[in-house]
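The values are calculated or read from the model by the stated rules, or taken from the named source; none is laboratory data. All of these numbers come straight from a predicted model, not from anything done at the bench. Ideal geometry is used to build each Cβ from the backbone, glycine not excepted, and the neighbour counts take in all protein chains shown.
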Ligand code: OOG
Ligand code: MG
């Protein structure tokens, strides 16, 4: 760690205020180029603790930058993880208020819900599949607090990986009868196709993103409990949305999920 605890808390407060007040900021590594990976996750953790202290529940986890499409779009090269708070959850078919966000984008993702605890090291696709209760289609709404979505990995980790809202829906299905690699994904905005893909876009197999997350948390001696919702990361590039837009995500064998922006 390169930053002291008061700097970590100050940066957490700053980034969380940007989130809660929907205003953007310059990336924090501009002022703190010395910060390291542990500092970045410590800031994210401090944001989580601020929310818990205010009575928020943490309802899940997310992996991010797990596809080449996303890494290329954001100019970064390594997956990251963040947390999901209760108020991030939008009901299926629900409306997201743009006044609460800065510059949201939507991403098509496969959501996993676990039925057994997972702990690294050594977690692999097989462990993840054996511990998965069911998968569901998810639209993640990301909203980087950084101006123009311009950031580096440490800045985005500190900013809880741009987490902002998510919608899960469609059909919840156990993984036994699904090939998550060839699972086709079609996302439409206002009736026009804006992204197409298949599960394999995420690290070759979406369960590999969950395994990566489990192993990263294992380095901190943390386990993921049974019953956890985990977003495995965008299959395609994220797509900008504005007021009046309506987004539909269809996944092969998993039905569809919708969200509107007002
Ligand atoms: C970082 C979050 C990326 C994903 O699914 O890849 C992410 C960002 O692009 O702002 O959620
Ligand atoms: Mg995402």
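In segment 61-90, the residues that are touching a residue at least 12 places away in the same chain (Cβ under 8 Å) reach residues that are away from ligand 1 (no atom under 12 Å from the Cβ) and assigned to a loop (DSSP other than H, G, I, E, B) with C-beta atoms within less than 6 angstrom, at least six apart or across chains, in these pairs: 85/56; 86/56; 86/57.
Exactly one residue out of 88, 83, 112 is closer than 21 Å to residue 261 by Cβ, within 14 Å of ligand 2 (Cβ to nearest atom) and in contact with a strand residue (DSSP E or B) (Cβ under 6 Å, 6 or more places away or on another chain): that is 88.
Could you pull out the residue among 95, 131, 117, 85 that is surrounded by 15 or more Cβ atoms within 10 Å (Cβ to Cβ) and over 23 Å from residue 14 (Cβ atoms)? The conditions single out 131.
Taking only segment 224-245 into account, find how many residues are surrounded by fewer than 16 Cβ atoms within 10 Å (Cβ to Cβ) and closer than 25 Å to residue 173 by Cβ. Final tally of qualifying residues: 3. Note on segment 152-256: no enclosed strands (runs of 3 or more DSSP E) hold 1 or more residues that are at pLDDT below 95. I'd like to know if segment 206-214 contains one or more residues that are closer than 22 Å to residue 116 by Cα, in contact (Cβ under 8 Å) with a residue 24 or more places away in the chain, more than 16 Å from ligand 1 (Cβ to nearest atom) and touching a strand residue (DSSP E or B) at 6+ places or on another chain (Cβ under 7 Å). Yes, because at least one residue in segment 206-214 is closer than 22 Å to residue 116 by Cα, in contact (Cβ under 8 Å) with a residue 24 or more places away in the chain, more than 16 Å from ligand 1 (Cβ to nearest atom) and touching a strand residue (DSSP E or B) at 6+ places or on another chain (Cβ under 7 Å).
For segment 57-64, check the following and say yes or no: at least one residue is within 12 Å of ligand 2 (Cβ to nearest atom), in a loop (DSSP other than H, G, I, E, B), closer than 24 Å to residue 3 by Cβ and under 19 Å from the mean Cα position of the chain (by Cα). Checked segment 57-64: no residue is within 12 Å of ligand 2 (Cβ to nearest atom), in a loop (DSSP other than H, G, I, E, B), closer than 24 Å to residue 3 by Cβ and under 19 Å from the mean Cα position of the chain (by Cα).
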